[in-house]
Amino acid sequence: MSEQKRPLVLLRPVPGDTVIHRLWAGTKLIGVVALAVLMVLYPGWIPIAMITALLAVAIGLARVPRGALPSIPGWIWLLILLGGVTAAFAGGTPIVTLGGLELELGGLLKFLRVTAVSIVLLGMGLLVSWTTNVAEIAPAVSTLGRPLRWLRLPVDDWAATVALSLRAFPMLIDEFRILYAARRLRPRELPEGRRERMKAQVSDLIDLLAATVTVSLRRADEMGDAITARGGAGQLSAHPSRLHTADVVALIVLALVCGVAGYIEGFTFLATT
C-alpha cells in the first residue's frame, strides 16, 4: 500500500512548549522580515546556507515532527526540473568544459538560487505557523506598529484585520475540502462528448465557488457577531505582549547572522552574486 499523502497545514501550531514556541510572536515576525530582506539584498549562496542552518536549528529546537511536513506532489518536482532545463539554456558564467564541450551554467545556477530562496522563505513561514498561536499575531502586529500611531494610522484595525484573516484562512480551507468531498460523492451522469464534459466541469466549478462564497459570507457574519459581543475589533489586539530574555537572545543571534552574512556577501571575495 502506498504511503498516504500529508496535506499542507497552515496557521495551525504544532503542540509544544519549546523555547521557539515561547518566543514572542513579534520576535518571529521581525526575524522573518529581516531574513527575507537579507536574501533580497544579498541572494548569495553563503547567506542562503547560513539562513538554512539557522532555520534547521530553529526547527530542531521547536521539535517539529516529521508528520507535520507536507508531502510534495510529483508534479512540483516535474515543474522544478522543467524550469531548471529551461533556465540552463540562458547560459552565462561560469563555463565548465566537459570532454571538449563548453557548458554555460549561469542560468541554471540562478534558477537554483531562486528556488533555494523560495524554499527557505516557505520554511520560515511554516516555522512561524507551527510555533505561533494565531491569537498572538494581532497583539504583536499592534505592538510593532505602535510608532505609526503618531501618524494617526489605524494600527489596531490593521492588527484586527490580520488576526481575522489568519483565523478565517484555515477554516475556509476546511470548508472548501468538505464541499469538494460532498460534491464528489453526489451521483451524476457521465456526459457524452468532449464539449459536454467541459460544460459539466465548468458547471461543477461554478457550483463549488458559489457554495464557497456562501459559506464564507456565513462565517464572516458569525465572526462579526462574535467580535461585537466581545467589545469590538480593538479587543483583538489588546492582549499585552512584550519581549523576554529569550527574545533578546534570539534577536542578538538574528542580528549576528544577518550582519555576518551581509558582510561576507557584500565586502569579501567570497561573494557569489
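Read-outs throughout are calculated quantities, based only on the coordinates presented, and are distinct from any laboratory measurement. What you see is a predicted model, and the numbers here were worked out from it, not measured in a lab. We place every Cβ from the backbone using ideal geometry, glycine too, and count neighbours over all the protein chains shown.
Using C-alpha pairs below 8 Å separated by at least 6 residues, the relative contact order for segment 14-120 is 27 percent.
Among residues other than MET171 whose Cβ falls under 13 Å from its Cβ, what is the net charge (Lys/Arg +1, Asp/Glu -1)? Residues near MET171 contribute +2 overall.
In this simple spin-label model, placing a label point 7 Å from the Cα along the Cα-to-Cβ direction at both LEU172 and ALA210 gives a separation of 2.0 nm.
Relative contact order of the chain: 31 percent, from C-alpha pairs under 8 Å at least 6 residues apart in sequence. Divide by every residue of the chain the summed helix terms, -39500 (n - 2.57) for each DSSP H run of at least 4, and state the resulting mean residue ellipticity at 222 nm, rounded to the nearest 500 deg cm²/dmol. Taking each H run of at least 4 residues, the total per residue is -22500 deg cm²/dmol.
Inter-label distance, ALA135 to GLU222: 1.8 nm, where each label sits 7 Å from its Cα along the C-beta direction. Among ALA229, ALA34, ALA88, the residue with the largest mean-square fluctuation in a Gaussian network model of the chain, with springs joining Cα atoms closer than 10 Å, is ALA229. Would you please classify the overall shape of the chain from the alpha carbon gyration tensor, given that a ≥ b ≥ c denote the square roots of the eigenvalues, rounded means a/c under 1.5, and beyond that prolate means a/b larger than b/c while oblate covers the rest? Since a/c reaches 1.5 but b/c is at least a/b, the shape of the chain is classed as oblate. Counting beta carbons within 10 Å around each of ASP174, ASP247 and listing the fewest first gives the order ASP174, ASP247. When the Cα gyration tensor is reduced to axis lengths a ≥ b ≥ c, the ratio a/c is 1.5 or higher for segment 142-224, and with a/b above b/c it is classed as prolate. Span-like helix criteria (full DSSP H runs; alpha carbon extent of at least 20 Å along the helix axis; mean Kyte-Doolittle hydropathy of at least 1.6) are satisfied in the chain by 25-41, 45-62, 74-88, 245-267. Counted by neighbouring Cβ atoms within 10 Å, the residues LEU82, LEU172, LEU151 run from fewest to most as LEU151, LEU82, LEU172. The overall shape of segment 93-197 is oblate: from the C-alpha gyration tensor, with semi-axes ordered a ≥ b ≥ c, the ratio a/c is 1.5 or greater and a/b is no larger than b/c. Cβ crowding within 10 Å ranks TRP24, TRP45 as TRP45, TRP24, fewest other Cβ atoms first.
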